[in-house]
1. State whether the residues of the range 177-190 include one that is among the aromatic types (F, W, Y), out of contact with any Phe, Trp or Tyr (no Cβ under 7 Å at 6 or more places or on another chain) and open to solvent by 40 Å² or more (accessible area, probe 1.4 Å).
2. Out of (1) in a loop (DSSP other than H, G, I, E, B); (2) hydrophobic (A, V, I, L, M, F, W, C); (3) crowded, with 21+ Cβ neighbours inside 10 Å; (4) modelled with pLDDT of 90 or more, the odd one out for V398 is which?
3. For the structure I just gave you, tell me whether R72 is open to solvent by 20 Å² or more (accessible area, probe 1.4 Å), of a type outside the set (G, A, S), outside any strand (DSSP E or B) and touching a helix residue (DSSP H, G or I) at 6+ places or on another chain (Cβ under 8 Å).
4. I'd like the full set of residues that are at pLDDT 85 or above and either open to solvent by 40 Å² or more (accessible area, probe 1.4 Å) or in a strand (DSSP E or B) (or both), limited to the range 251-272.
5. Determine whether the range 141-151 contains at least one residue that is open to solvent by 10 Å² or more (accessible area, probe 1.4 Å), farther than 30 Å from V210 by Cβ and not small (G, A, S).
6. Tell me which of these S378 doesn't satisfy, since it passes every other one: (1) out of contact with any Lys or Arg (no Cβ under 8 Å at 6 or more places or on another chain); (2) at pLDDT 90 or above; (3) closer than 22 Å to F354 by Cα.
7. Could you run through the range 153-187 and say how many residues are at pLDDT 90 or above and hydroxyl-bearing (S, T, Y)?
8. Looking for whichever is surrounded by 19 or more Cβ atoms within 10 Å (Cβ to Cβ), in contact with a Phe, Trp or Tyr (Cβ under 6 Å, 6 or more places away or on another chain) and not acidic (D, E) here; the options are L56, L45. Which one fits?
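The values are calculated or read from the model by the stated rules, or taken from the named source; none is laboratory data. Since the model is a prediction, treat every value here as computed from it, not as a measurement. Positions of Cβ are generated from backbone atoms using ideal geometry, with glycine treated the same way; all protein chains shown enter the neighbour counts. Only protein heavy atoms, including side chains, enter the accessible area calculation; ligands, DNA and RNA are left aside. Shrake-Rupley method; radii C 1.70, N 1.55, O 1.52, S 1.80 Å.
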Amino acid sequence: MAVGLFDLPAELIDHIISLLPPCDIMRVRITCKRLNNIVEASSRLQFILECHACGLIVTLHPSLSSSDRLDRLRQRERNWRSLKEVSSYEVKLPFRPNGIYDLAGGIFILGIGDGSSGQYGYLRLLSAGDEMKPPSWNLFTVDAELVDFGLSVYENDLIVLVTRKLQQGNSDFGGLSTLFEIHFRTLSGGDPHPRATKAVVSLLESAGIVSHADAFTEIVGDLVVILLFPWGDTVENLYLINWNTGSVKLIDTFAAGAHTGVAWLSEDAIIIPNIEEDSLDIFRLSPVQDSNVPEMFICRAEPNPYKFTSGFNNHGRPFHCTPESAILLVTLRFSHPGGISLSMVIHREKLLAFALSSSEDDDQSIITAPYSEWGVQSTCWFLGNWNWITMTAGQRCVLIKSHIRGGNEDSDDDGDNDNFADEHSDSDIQHELHVLDFNPFHVKDALAGWQSSTSPNPACVVHGRRILPFVENIVDGPLEFELPYVLQKKKLPPWAERNIDAWVDEERVVKGPGILSDTITSAEVLVFG
């Protein structure tokens, strides 16, 4: 006797539906009333659907029931919508930072001193529901000067350190040379990573003394991409490293200063801003051509794409930001006219989808397409230099907006902070935390009126076609864009410093004096869950 779907227990039907992708679960709901009732009555299925709508990945969390996870998710979204933190605390810095830093996955990490000490500090920030005891810093040392580091928090418990040190030159150079190396360590313990065949790998040896170098380091799965630019050199190098095996591949070299950033779009596609060509080069780990015009052109997207393996560690969280739907932040700075800076936001999956569809009819590794074909509907532009690498997490972006008390506090312009005249004291300045949410489901909900009129931090929706002002001398014709977002504002208490910054990960906001300042002694953490 054949057994039909509805002959099965409702719990089993629930389990079968839960194995479907979220889009298919939504299609199941409209097939018949009974299946719709099963989906609506299931905490597990509602949790899956709401995670999908919020741009989050569902992770295993055996200690929480489906209804508990759903409650935590809904509370998290209410907190972010109203900018009502569930807790806040101060983080003391027992050292002087050197300007190398990152914030991802609840990990706050800073380089220490002038860099030559090779020290860095690691702090695991508290989450919603954690016992409110001050977290303590873990300090580690590497036997060389730090240039940069990259993190893989959930996937690999990995920190990749790029270092440089002087040594007696080899037979090719003679005399002194500068050796650039990469170290693969556990993030939590600072020990050589057990999955790395080689704990330290040589990257580049430059003749003579290299006094400074810039690097950009990003990790996906077993792969690390590093863009390295030793100051005084005529070229910059793009490397691909398998940190498990220690193999290093020089992908390409470029004229010095041609590129100033790199970000992953997927497990096998990266994007590099190209200054000389004034373009974004998207390619599948193939050479990128040289490029002219902006003096700075950088990009960042957080989190990087995950490669789920048996070693994936969710750190006790029932959900994480979806890398595919995360926003990519691109900043351009022009020295002329007037030193203007522009910042662009676009969803990673939108840009990648366009690149892949365009490459189907083109065998070249580099895709060239005018902005009008991909940018107007998919991007949002701002005046201002948004070059802090931890300003975005998932589909949210944070910044501090400052104005003179009694001035224009209602502007929705989230460009550069105002430059204040010297006659204004610090007490005259009002700082606001601005959270920009580019999640399309949240935009739709906001337009439908989810916000309560009694919310302490009411939201507004910025949508429709807009034109970026004051860029007529930079671009040909008006710079139009349509990507909408929800803007939340939260007034901050007076701060001892005139200039403060904010950084964000998927659960919390860290705010304090500019992280590049060597006078910073503490920062405040706002936890939203």
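1. no
2. (1)
3. In short, no.
4. A263, W264, L265, S266, A269, I270, I271, I272
5. No.
6. Of (1) out of contact with any Lys or Arg (no Cβ under 8 Å at 6 or more places or on another chain); (2) at pLDDT 90 or above; (3) closer than 22 Å to F354 by Cα, only one is false for S378: (1).
7. 2
8. Within the list L56, L45, the selection yields L56.
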